[in-house]
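Written out below as structure tokens is the structure these notes cover.
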Amino acid sequence: MMKKSNKIWVILAVLVVVVVGGLILAKKQGWIGKEPATEVELAKAKKVDIVERVSASGKVQPEIEVKLSPDVSGEIVGLYISEGDSVVAGQLLLKIRPDNYESLLARAEAQVNSAKASLEQSKAMQSQSEARLLKAKVDYDRNRKLHDDKVISDADFDQFNSQYAVAKQDLESAKASVQAAAFNVRSSEAALKEARTNLTKTTIYAPQSGTISKLNVELGERVVGTSQMAGTEMLRIANLNKMEVRVNVNENDITRVSLNDTVIIDVDSYSASGRKFKGLVYEIASSANGLSSSTATSVSTDAVTEFEVKIRVLRSSYADLIKGKRSYPLKPGMTASVEIVTDRKNGVLSVPLASVTTRDPKAAEGKENEKKDEESSNNSEEPKVIKKDKVKEVVFVLTKDNHAKLREVITGISDFENIEILSGLTDGEQIISGPYLTVSKKLKDGELVQKKDPNKDKKDKK
């Protein structure tokens, strides 16, 4: 019995030794206790051509478009054009009923004639006053000599003196009346000129050559117009030979856009055929849309700030579409999407855009410092200012032993797929390019990784 129990203990001891030895061997071989590897996507740093673009959308518009509004009110009694017609400068477009303005013109002419008659009458009265003054002066001079010789009394001389003074005053009054009548003539002539001008404004002529791009009125319709403000918009004349696209560019991108930048234009009407047009940036707004000096301080910081950019569509890019009735393939109001080429570099070192992320190299140290600062702030009244290190752009390089090595880089321009690497990498180095969430948030320096099986997702779905 004693021998049997000793034999059992020996067997158990041997089993323990074998298990412990196996565990040690498995640990050394990496069969157990091995850290799990993160599945990642890999790519190589290589030289490619990068074209940096700014995307925006807007409307096709003529470069030159004139809106016509009347300066006088009335009923349209003559309409000689239709929408889409071509017109030349000076061509008769429409007429507004002139009856009232003809009456005003006749009244103004009558007032001018009346004022001129009054002027002539005032001049005649002035001549009479001059004659009376001359007679009064002769009588005054003759009687003054008689008075000096004591021939006539003082009372008689005073009478002649008084008549002479009254005659001088009458002449001054007559001259003032002539001047007033002359001013009345000028005023009447000004009113006549205004009436004549208003009458001519009842006939509308084309201020420039072009196409009637929009016609808002019909024959018999009443329009409102004044010389102080814009009245009813009757029509628009546009030069459809020179078209542009007006787009709004975000403030984050506007600094990259420059005059004469090349633009690729995609007009929705031609998207089905895959047709693209070319253009050039020829005007960039200096102020944000809807922003003036009076409203600048009241705009919310959450509002999207955009700047208008005008792009001239090159006629050569759609010259083949100008055939017969399709003289103007681009119409005002068409929707268009544009890609403004802001920079271009050929054969530059680059990596996939998703492989570049941001990290704080001293994040862990920063957290410890924050904890210490919080503890110290509880014991002191004045909290210390926490200095945060600048976040840097980094990539994860794959090491020979399949670990992710954090490396700081300096980037340049980018497109929708790649980003230029100015420093930090060499051509041919293997870097981790995805998945996006892993690279941007989860992956850590020195972490074990393995290449993701591209067929794994398909197997999982099956």
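Anything in region 143-157 that is surrounded by 12 or more Cβ atoms within 10 Å (Cβ to Cβ) and assigned to a helix (DSSP H, G or I)? List them, or say none.
Looking only at region 143-157, we keep the residues that are surrounded by 12 or more Cβ atoms within 10 Å (Cβ to Cβ), and these are 143-144, 146-147, 152, 156-157.
The answer is 143, 144, 146, 147, 156, 157.
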(request) Tell me, please, whether a residue that is touching a residue at least 40 places away in the same chain (Cβ under 8 Å), surrounded by 13 or more Cβ atoms within 10 Å (Cβ to Cβ) and not assigned by TED's automatic domain parsing to the domain that holds residue 219 can be found in region 130-139. (result) yes
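Pick out the one residue from 81, 76 that is part of a loop (DSSP other than H, G, I, E, B), in contact with a strand residue (DSSP E or B) (Cβ under 8 Å, 6 or more places away or on another chain) and crowded, with 18+ Cβ neighbours inside 10 Å. I'd like the intermediate steps shown before the answer.
Values: 76 fails: part of a loop (DSSP other than H, G, I, E, B).
Within the list 81, 76, the selection yields 81.
Looking only at residues that are of a type in the set (A, V, I, L, M, F, W, C) and touching an Asp or Glu at 6+ places or on another chain (Cβ under 9 Å) in region 77-107, which one is nearest to residue 204 (Cα to Cα)? Write out each step before concluding.
Step one: list which residues in region 77-107 are of a type in the set (A, V, I, L, M, F, W, C), which gives 77, 79, 81, 87-89, 92-94, 96, 104-106.
Among the residues that remain, those that are also touching an Asp or Glu at 6+ places or on another chain (Cβ under 9 Å) are: 79, 96, 104.
Details: 79: 10, 96: 8, 104: 19 Å.
This residue is 96.
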(request) Take the residues in region 429-438 that are of a type in the set (A, V, I, L, M, F, W, C) and closer than 19 Å to residue 401 by Cα, then tell me which one is surrounded by the fewest Cβ atoms within 10 Å (Cβ to Cβ). (result) 431
(request) Please go through region 355-367 and pick out each residue that is modelled with pLDDT under 90 and either assigned to a loop (DSSP other than H, G, I, E, B) or outside the structural domain of residue 393 (by TED's automatic domain parsing) (or both). (result) 360, 361, 362
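May I ask you to verify whether residue 184 is outside any strand (DSSP E or B), within 17 Å of residue 333 (Cα to Cα) and touching a residue at least 12 places away in the same chain (Cβ under 8 Å)?
Numbers: outside any strand (DSSP E or B): yes; within 17 Å of residue 333 (Cα to Cα): no; touching a residue at least 12 places away in the same chain (Cβ under 8 Å): yes.
Answer is no for this residue.
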(message) Just the residues that are part of a loop (DSSP other than H, G, I, E, B) and among the small types (Gly, Ala, Ser), please, taken from region 416-449.
(response) 424, 428, 446
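Okay, residues lined up against (1) surrounded by 11 or more Cβ atoms within 10 Å (Cβ to Cβ); (2) touching a Ser or Thr at 6+ places or on another chain (Cβ under 9 Å); (3) acidic (Asp, Glu):
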| position | (1), (2), (3) |
| --- | --- |
| 206 | yes, no, no |
| 210 | yes, yes, no |
| 223 | yes, yes, no |
| 235 | yes, yes, no |
| 243 | yes, no, no |
| 257 | yes, yes, no |
| 260 | no, no, no |
| 265 | yes, yes, no |
| 281 | yes, yes, no |
(request) Could you grab me the full set of residues in region 117-168 that are over 30 Å from residue 181 (Cα atoms) and among the small types (Gly, Ala, Ser)? (result) 153, 155
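Which one of these is of a type outside the set (Ser, Thr, Tyr), more than 30 Å from residue 416 (Cβ to Cβ), in contact with a strand residue (DSSP E or B) (Cβ under 8 Å, 6 or more places away or on another chain) and at pLDDT 90 or above: 50, 64? Lay out the reasoning, then the answer.
On the way: 50 fails: more than 30 Å from residue 416 (Cβ to Cβ).
Testing whether each residue is of a type outside the set (Ser, Thr, Tyr), more than 30 Å from residue 416 (Cβ to Cβ), in contact with a strand residue (DSSP E or B) (Cβ under 8 Å, 6 or more places away or on another chain) and at pLDDT 90 or above leaves just 64.
The values are calculated or read from the model by the stated rules, or taken from the named source; none is laboratory data. Note that the structure is a prediction, hence the values are computed from the model and not measured. Cβ: placed from backbone, ideal geometry, glycine included. Neighbour counts: every protein chain shown.
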